[in-house]
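Visitor: Okay, handing you the structure first.
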C-alpha cells in the first residue's frame, strides 16, 4: 500500500502477492488500512474474469484473502513455529506433483472456514485454490528457510521467540529450517508455473 492509502490497479499487473503481517484478522474491528486492503481484495477478485490478474497470498495474505471473501479466521493458543510436513490431498498432489511438502510455519492464526468458490489442497485449509484458478494462497512461508530463518529470530519477535526458550530448541529450529529448503524451492517453481499459465 502506498503512503496515501491507495492500492495498485490490478489491470496493470499479471500477479499480485500479499505477504505476511501481524494484524489480527480475528478482531471485530480492523485498522483502517486492513479494511482498505480487504475491500481491495474483493475488488481484485470480482474483476478477475476480465483482468485475469492472479492473486497469491502467503501467511497473513492467505488469511486476508479468506477473510475478505466470506471465509473466517481462528486463533491458536500458542504460535506455530518451525517446519511442518503437510500431507496433500488429490488436488494438492496435482498442483505440486508429490504427496507431501515441508513448509515453514510462523503464525498464530489460521483459516477456519474456506471462502465460497475455494477448495483446500492440504489439511486444515493450509493451502487454498480458487475454482477460477486465479487465486492461490498458503498459510506457510516457502520463502523462509536457512539463513533467513536465523535472521528472523535474531530480530527477536517476542511471541515467536518465546516458543523456543532454550538454546537446544533454537538449534533444532535451525536444523528444521535447513530441511525445508528443497520443498520451498519446489513450491516456488510450482507457483511460478501457475503464475505463468493462462486461464481463459
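The values are calculated or read from the model by the stated rules, or taken from the named source; none is laboratory data. As the structure is a prediction and not an experimental result, all values here were calculated from the model. Heads up, the Cβs are rebuilt from the backbone with ideal geometry, glycines too, and the neighbour counts pull from every protein chain shown.
Visitor: In the stretch 173-200, what residues are part of a helix (DSSP H, G or I), touching a helix residue (DSSP H, G or I) at 6+ places or on another chain (Cβ under 9 Å) and closer than 30 Å to residue 51 by Cα?
Guide: Within the stretch 173-200, 186, 187, 190, 194 meet the criteria.
Visitor: Hey, another quick one. Select from the stretch 144-172 the residues that are at pLDDT 75 or above and not in a helix (DSSP H, G or I) and write down the one among them that is surrounded by the fewest Cβ atoms within 10 Å (Cβ to Cβ).
Guide: 166
Visitor: Being within 28 Å of residue 170 (Cα to Cα) and in contact with a helix residue (DSSP H, G or I) (Cβ under 8 Å, 6 or more places away or on another chain) is the filter; apply it to the stretch 89-106 and report the residue that is surrounded by the most Cβ atoms within 10 Å (Cβ to Cβ).
Guide: Among residues in the stretch 89-106 that are within 28 Å of residue 170 (Cα to Cα) and in contact with a helix residue (DSSP H, G or I) (Cβ under 8 Å, 6 or more places away or on another chain), the one surrounded by the most Cβ atoms within 10 Å (Cβ to Cβ) is 104.
Visitor: If you go through the stretch 73-123, how many residues are touching a strand residue (DSSP E or B) at 6+ places or on another chain (Cβ under 8 Å) and without any contact (Cβ under 8 Å) to a residue 40 or more places away in the chain?
Guide: Total satisfying the criteria: 16.
Visitor: Separate question: Using the structure shown, decide if residue 116 is under 24 Å from residue 196 (Cβ atoms), out of contact with any helix residue (DSSP H, G or I) (no Cβ under 7 Å at 6 or more places or on another chain) and either at pLDDT 95 or above or in a loop (DSSP other than H, G, I, E, B) (or both).
Guide: no
Visitor: Further, regarding this structure: Got at least one residue in the stretch 53-68 being part of a helix (DSSP H, G or I), modelled with pLDDT under 95 and surrounded by 14 or more Cβ atoms within 10 Å (Cβ to Cβ)?
Guide: Taking every residue of the stretch 53-68 in turn, none turns out to be part of a helix (DSSP H, G or I), modelled with pLDDT under 95 and surrounded by 14 or more Cβ atoms within 10 Å (Cβ to Cβ).
Visitor: Could you tell me which residue of the stretch 1-38 is surrounded by the fewest Cβ atoms within 10 Å (Cβ to Cβ), considering only residues that are in a helix (DSSP H, G or I) and within 18 Å of the chain's Cα centre (by Cα)?
Guide: 38
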